[in-house]
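Here the structure comes first, spelled out in structure tokens, and everything after it is commentary.
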Amino acid sequence: MRLDGKTAVVTGGGQGIGAAVVRALADAGASVVVSGRTLSKLEQIAEELRAEGRNVWAAGCDVSDPASILRLAAVAKEKLGPVDILVNNAGIAHSAPIARTSLDDWEKMMRINATGAFLCLQAFLPDMLERKWGRIVNVASMAGLMGMPYIIAYTASKHALVGLTRAAAAEVGKHGVTVNAVCPGYVETPMTEATNWSLSSGSGRL
């Protein structure tokens, strides 16, 4: 499938799944803004893809900060015009037994993995609804579909993201905007490696 003429924003695009999504979208012809917290990684990806003739731009964004998301939306509109595709990939992981999972750990998981996607939805959805076309993909996890030990905060946050996806899809699908979630299993990425190290070391923290 070609995406020539379409525009896309990918959060958490500096590495792992997010970086692969950016390349796939760009290879399919979409113009892309890749966002994340580490601007140097984003710029490297954008420069590499532009050197291959792709239209890719970097923009820093912390999805736990509402103001940062609004800035991302403004940059994306400046670089690309109205955004057609939003991939909510930004996320973090944490592993620990229940007794060693702090309230701060819990709230951080929810704020980044679920609330961040909600805020991005609010920022980018209005233009999609106005044009009656849009595609939103939330990167959840198999942990969003089942219970798993030692990752209680992560599991709850991904369940929240799946629920957000279902509710948003039911609300906006009739207006030409689709909202879907993908729920990967374990993928060899820096975040997965850090989480596995956390469990094996007994630290319970990334």
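The values are calculated or read from the model by the stated rules, or taken from the named source; none is laboratory data. What you see is a predicted model; the values in this text were computed from it and never measured. Cβ placement follows ideal geometry from the backbone for every residue including glycine, while neighbour counts extend to all protein chains displayed. All accessible areas refer to the heavy atoms of the entire protein, side chains included, with ligands and DNA or RNA removed. Shrake-Rupley method; radii C 1.70, N 1.55, O 1.52, S 1.80 Å.
List, please: which pairs have Cβ atoms under 8 Å, are six or more places apart or on different chains, and start with a residue in the range 112-129 that is in contact (Cβ under 8 Å) with a residue 24 or more places away in the chain and end with one that is open to solvent by 20 Å² or more (accessible area, probe 1.4 Å) and of a type in the set (Lys, Arg)?
Matching pairs, first to second residue: Asp127/Lys77.
How many residues are open to solvent by 50 Å² or more (accessible area, probe 1.4 Å) and either touching a Gly at 6+ places or on another chain (Cβ under 7 Å) or in a helix (DSSP H, G or I) (or both) if we restrict to the range 76-87?
Number of matching residues: 3.
Being under 17 Å from the mean Cα position of the chain (by Cα) and touching a residue at least 12 places away in the same chain (Cβ under 8 Å) is the filter here, so list the residues in the range 13-29 that pass it. Reasoning before the result, please.
Our first condition is that a residue be under 17 Å from the mean Cα position of the chain (by Cα); within the range 13-29, this holds for 13-26.
Listed by number, the residues that qualify are Gly13, Gly14, Gln15, Gly16, Ile17, Gly18, Ala19, Val21, Val22, Arg23, Leu25, Ala26.
I want to confirm something. Restricting to the range 118-150 and keeping residues that are assigned to a helix (DSSP H, G or I), among the small types (Gly, Ala, Ser) and open to solvent by less than 20 Å² (accessible area, probe 1.4 Å), which single residue is nearest to Ile69 (Cα to Cα)? Lay out the reasoning, then the answer.
Going through the range 118-150, the residues assigned to a helix (DSSP H, G or I) turn out to be 118-131, 142-144.
If we keep only those that are among the small types (Gly, Ala, Ser) too, we end up with 123, 143-144.
Still in the running and open to solvent by less than 20 Å² (accessible area, probe 1.4 Å): 143-144.
Details: Ala143: 26, Gly144: 24 Å.
By that ranking, first place goes to Gly144.
In the range 88-113, which residue that is open to solvent by less than 10 Å² (accessible area, probe 1.4 Å) and either polar (S, T, N, Q) or in a helix (DSSP H, G or I) (or both) is farthest from Thr11 (Cα to Cα)?
Out of the qualifying residues, it is Ser95.
Has the range 41-49 got any residue that is closer than 30 Å to Ala156 by Cα and either crowded, with 23+ Cβ neighbours inside 10 Å or among the hydrophobic types (A, V, I, L, M, F, W, C) (or both)? Give the steps one after another, and end with the answer.
Here is the first cut: in the range 41-49, the ones closer than 30 Å to Ala156 by Cα are 41-42.
Of the ones still in play, those that are also either crowded, with 23+ Cβ neighbours inside 10 Å or among the hydrophobic types (A, V, I, L, M, F, W, C) (or both) are 42.
Looking for residues that are closer than 30 Å to Ala156 by Cα and either crowded, with 23+ Cβ neighbours inside 10 Å or among the hydrophobic types (A, V, I, L, M, F, W, C) (or both), one finds at least one in the range 41-49, hence yes.
Pairs needed: first member in the range 89-107, in contact (Cβ under 8 Å) with a residue 60 or more places away in the chain and closer than 8 Å to Ile151 by Cα; second member anywhere, open to solvent by less than 30 Å² (accessible area, probe 1.4 Å) and part of a strand (DSSP E or B); C-beta distance under 6 Å; at least 6 residues apart or different chains.
Ser95/Ile151
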